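See structure below.
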Amino acid sequence: MTQGAATSVSAADDGDDADAGVATSTAWAVTEQTFCKNGHSGADGFLRKDGEASTLAACEALCEDDAACFVVQMECGTDCVLLENCEDETASGCDTYVAKSA
């Protein structure tokens, strides 16, 4: 399978100083047909899985609210996984994709 790339942009900074030092506007680099080998419970860098966040935008928003999160993985395109990092990207057979904050 061929790997592709796309970019989406999350919500912009609201302009107040309450969030100084925290990136509130983040570009995400998306790699399709890929999963992270550490994208499961108990693995180094795994933060949590959230089945309620079924879109990339919702998953990105959860990650942006977690200071330890820098990578999201959408398992089979529907289940959100929050990660500190992505170890060993591997080809996916079920439309899993990974988005990394820039």
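Residues in segment 75-85 that are surrounded by fewer than 22 Cβ atoms within 10 Å (Cβ to Cβ) and either touching a residue at least 24 places away in the same chain (Cβ under 8 Å) or of a type outside the set (Gly, Ala, Ser) (or both): 6 in all. When only residues in segment 66-86 that are aliphatic (A, V, I, L, M) and outside any strand (DSSP E or B) count, which is nearest to Gly45 (Cα to Cα)? My answer is Ala68. The set of residues in segment 14-52 being surrounded by fewer than 12 Cβ atoms within 10 Å (Cβ to Cβ), at pLDDT below 50 and assigned to a loop (DSSP other than H, G, I, E, B) consists of Asp14, Gly15, Asp16, Ala20, Gly21, Val22, Ser25.
The values are calculated or read from the model by the stated rules, or taken from the named source; none is laboratory data. Predicted, not measured: the structure shown is a model, and the values here were computed from it. As a convention, Cβ positions derive from the backbone with ideal geometry for all residues, glycine included, and neighbour counts pool all protein chains shown.
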